[in-house]
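S.K.: Can you keep this structure in mind? I'll have questions shortly.
Every read-out reported here was derived from the displayed coordinates using simple, explicitly stated rules and does not represent laboratory data. All of these numbers come straight from a predicted model, not from anything done at the bench. Don't worry about glycine lacking a Cβ; one is built from the backbone with ideal geometry, like all the others, and counts go over all protein chains shown.
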Amino acid sequence: MKVLFLNGPNLNLLGQREPEVYGRTTLADIESNVRTRAKMLAVDVDFRQSNSEGELVSWIQQAKGACDVIVINAAAYTHTSVALRDAISAVGLPTIEIHLSNIHAREEFRHKSLIAAVCKGQISGFGANSYILALEASVSVKDK
Ligand code: CA2
């Protein structure tokens with residue numbers, strides 16, 4: 001089983017800027033934690049980040065036939081991107097939306113996710129552990 005982790009804009013800055021909001025853990029630390037847990041679960045992981053909406057759309061399209069589940073932290077595109085929503089819907093792979101912060105406890109503009117309705121579910125507010133929870137959910141969501 002293979003899980004594709006996609007990370008959207010500015011997540012490459014994790015741990016380097018605004019630690020009071022997003023903590024001190026870097027995206028590389030998160031990837032390493034995910035890979036450790038994935039080994040225990042016998043899951044293959046592809047872990048990517050892009051600041052470009054188009055690149056994220058292309059990766060979602062290419063996941064068909066290559067991955068079983070997509071886990072996506074679309075970052076700011078969560079709240080704006082019809083293109084990501086359409087790509088997730090078109091590809092039809094089980095997709096799990098994740099966030100480090102609880103988007104529903106933040107500014108009003110973050111409460112709306114344009115991708116939520118085409119995802120299996122949303123994990124939001126558990127910091128770096130949101131990624132591990134999503135990996136574990138991927139295993140159960142795969143064949144449903
Ligand atoms: O909580 C999350 O995971 C978010 O997806 C993070 C996004 C935000 O736009 C979403 O509303 C919620 C922001 C990611 C930007 O990450 C930064 C990291 C360090 C410094 C600045 C931004």
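S.K.: For the stretch 13-52, calculate the relative contact order in percent as a whole number, restricting contacts to Cα pairs under 8 Å that are 6 or more residues apart. Mind showing how you got there, number by number?
M.R.: On the way: 20 pairs, mean separation 10.2, N = 40.
That works out to 25 percent.
S.K.: Within 12 Å, Cβ to Cβ, of Arg24, how many net charges do the neighbouring residues add up to if Lys/Arg are +1 and Asp/Glu are -1? Intermediate results must be reported in sequence, preceding the final value.
M.R.: Details: positive: Arg17; negative: Glu18, Glu20, Asp29.
Taking every Cβ under 12 Å from that of Arg24, the sum is -2.
S.K.: Quickly estimate the mean residue ellipticity at 222 nm for the chain, helices only: each DSSP H run with n ≥ 4 gives -39500 (n - 2.57), and the total goes over all residues, rounded to 500. Display every interim value, and only then the final one.
M.R.: Values: 5 runs with 53 residues, N = 144.
Calculated mean residue ellipticity at 222 nm is -11000 deg cm²/dmol.
S.K.: Among Ile103, Ile72, Ile123, whose mean-square fluctuation peaks in a Gaussian network model of the chain (Cα, cutoff 10 Å)?
M.R.: So, out of Ile103, Ile72, Ile123, the one fluctuating most is Ile103.
S.K.: Ok, one more. Which of the lysines could be linked to Lys142 by a straight reach, that is with a Cα gap under 23 Å, when you skip same-chain ones fewer than 8 residues away?
M.R.: Of all the lysines, those that pass the test against Lys142 - Cα under 23 Å, at least 8 places apart if same chain - are Lys2, Lys39, Lys64, Lys120.
S.K.: For the chain, with a Gaussian network of springs between Cα atoms less than 10 Å apart, report the residue from Gln16, Gln49, Gln61 with the top mean-square fluctuation.
M.R.: Ranking Gln16, Gln49, Gln61 by mean-square fluctuation puts Gln16 first.
S.K.: Which distance in Å, rounded to a whole number, links the C-alpha centroids of the stretch 26-60 and the stretch 64-98?
M.R.: Between the Cα centres of the stretch 26-60 and the stretch 64-98 lies a distance of 13 Å.
S.K.: Are there any trypsin sites (Lys or Arg not before Pro) in the stretch 35-104 that are in a DSSP loop and have at most 13 other Cβ atoms within 10 Å? List them by number. Show your work: numbers first, answer last.
M.R.: On the way: sites: Arg35, Arg37, Lys39, Arg48, Lys64, Arg85; in loops: Lys64.
Those satisfying the criteria are Lys64.
S.K.: Which shape class applies to the stretch 1-124: rounded if a/c is under 1.5, otherwise prolate when a/b exceeds b/c and oblate if not, where a ≥ b ≥ c are the square roots of the Cα gyration tensor eigenvalues?
M.R.: Values: a/c = 1.64, a/b = 1.08, b/c = 1.52.
Verdict is oblate for the stretch 1-124.
S.K.: Name the residue, out of Leu93, Leu56, Leu133, whose mean-square fluctuation peaks in a Gaussian network model built on the chain with Cα pairs under 10 Å.
M.R.: Result for the chain, Cα springs under 10 Å: Leu133 fluctuates most.
S.K.: Can you check what the net charge comes to around Arg48, using other residues whose Cβ is under 10 Å from the Cβ of Arg48 (Lys, Arg +1; Asp, Glu -1)?
M.R.: Numbers: positive: none; negative: Glu31, Asp46, Glu55.
Computed value for this residue: -3.
S.K.: With a Förster radius of 41 Å, plug the Cβ-Cβ distance of Lys142 and Thr80 into 1/(1 + (r/R0)^6) and report the FRET value to the nearest 0.05.
M.R.: 0.90
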